[in-house]
Amino acid sequence: MPKIAEIEDTPNPNAVKFMLKEPLTWGISHSYDNAEEAKSDTLASALFDIEHVTNVFYVDSCLTVTQDGEAHWPQLARLIAVPLREAPAADASSEALVAAAAVAIAGLSPEDQVRFDKINAMLDEKIRPYLRSDGGDLHVIGFSGNFLSVHLQGACGSCPSSTSATLISITSLLRTIEPDIEVLSV
């Protein structure tokens, strides 16, 4: 039963970040763009049952909810708090999921695996903490040649600046270690 520690605005005016006293997961992010995607997730499904909710993202002790811009946040936050309080906190079974998620992209050559590890380390150190502080995250979808495919999640996935300024910043930073890299949002 996670309790809300703090509710914070994000750079996306339609998204709010709920900081929790207990984690919902241990390192595994969940991101849903609609109720159909969320149907197997009890918490996300309950949140999509709330009118105006358009995106749900959560990882560790952070839940970001995006709305369609038609709701008043104080009222919507009270509605969101109900299923959030009923959600189970992270448990030991999450550890296996964390270990499975940590496995690098399968099928990379040894050289590309070294490159990918450096890229992922930089994402972990310089990019993900900032995205998470704004109520979002970045998930690597693929890596082939000089192309890194990423999926921006949470507030970052629906923020107007995510497809421009955020991707440009990520690309610029990664080019300090991979000069020819292209970052694509999928």
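The values are calculated or read from the model by the stated rules, or taken from the named source; none is laboratory data. Nothing here was measured: the structure is a model prediction, and the numbers come from that model. Every residue, glycine among them, receives a Cβ derived from its backbone with ideal geometry; neighbour counts consider all protein chains shown. What goes into the accessible areas is simple: the full protein's heavy atoms, side chains included, and nothing from ligands, DNA or RNA. Shrake-Rupley method; radii C 1.70, N 1.55, O 1.52, S 1.80 Å.
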Could you sort His151, His72 by their accessible area in this structure, using a 1.4 Å probe and putting the largest first? His72, His151
Neighbours of Asn12 by Cβ distance under 13 Å: Lys/Arg at +1, Asp/Glu at -1, summed charge -3
Other-chain or far-sequence residues with amide H under 5 Å of Cys156's (modelled H): Gly136, Asp137
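Which of rounded, prolate or oblate describes segment 43-88 when judged by the alpha-carbon gyration tensor and an a/c cut-off of 1.5?
Here segment 43-88 falls in the prolate category.
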Loop-only GluC sites (Glu not before Pro) in segment 9-63, please: DSSP not H, G, I, E or B, and at most 15 other Cβ atoms within 10 Å. Glu36, Glu51
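Which of rounded, prolate or oblate describes segment 1-42 when judged by the alpha-carbon gyration tensor and an a/c cut-off of 1.5? Can you show the working numbers first?
Values: a/c = 2.12, a/b = 1.15, b/c = 1.85.
It comes out oblate by the Cα gyration axes.
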Under a crude label model (7 Å from the Cα following the beta-carbon direction), how far is Ile7 from Val114 in nanometres? 5.1
Under 5 Å, built H, 5+ apart or other chain: amide partners of Ser29: none
From the residues Ser133, Ala87, Ile168, which one has its Cα farthest along the dipole of the chain in the positive direction, the dipole being from +1 and -1 charges on Cβ of Lys/Arg and Asp/Glu about the Cα centre? Ser133
Just the accessible area for Met122, please: 1.4 Å probe, Å², rounded to the nearest 10? 30
Sum of -39500 (n - 2.57) over DSSP H runs of 4+, divided by residues of the chain (222 nm, nearest 500): -9000 deg cm²/dmol
The answer for Asn55, listing residues at least 5 apart or on another chain whose modeled amide H is closer than 5 Å to its amide H, is Thr66
Given unit charges at Cβ for Lys, Arg (+) and Asp, Glu (-), the dipole magnitude of the chain about its Cα centre in debye, nearest 20, is 300
Pairwise label distance in nanometres, Ser133 with Lys21, each label 7 Å out on the Cα-Cβ vector: 2.6
Leaving ligands and nucleic acids out of the surface, order Ile50, Ile177 by accessible area at 1.4 Å, largest first. Ile177, Ile50
For the chain, find the longest principal axis of its Cα atoms and tell me its angle to the long axis of helix 73-86, 0 to 90°, nearest 10. 80
If you take the Cα atoms of the chain, find Rg, then find the Kirkwood Rh from the mean of 1/r over all pairs, what is Rg/Rh? 0.99
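When only DSSP loop residues count, what trypsin sites (Lys or Arg not before Pro) in segment 1-92 have their Cβ near at most 12 other Cβ atoms within 10 Å? Present the calculation step by step, with values, prior to reporting the outcome.
On the way: sites: Lys3, Lys17, Lys21, Lys39, Arg78, Arg85; in loops: Lys3, Lys21, Lys39.
Counting only loop positions with at most 12 other Cβ atoms within 10 Å, the trypsin sites (Lys or Arg not before Pro) in segment 1-92 are Lys3, Lys21, Lys39.
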Within straight-line cross-link reach of Lys118, lysines at Cα separation under 23 Å, skipping those fewer than 8 residues along the same chain: Lys126
HN-Hα J in Hz across segment 113-120 - Karplus 6.51, -1.76, 1.60, θ = phi - 60°, x for Gly and Pro: 5, 5, 4, 4, 4, 5, 4, 5
So what are the ³J(HN,Hα) numbers for segment 128-144, from phi and the Karplus equation (6.51, -1.76, 1.60; θ = phi - 60°), rounded to whole Hz, Gly and Pro as x? 4, x, 6, 5, 5, 5, 9, x, x, 6, 9, 10, 6, 9, x, 8, 8
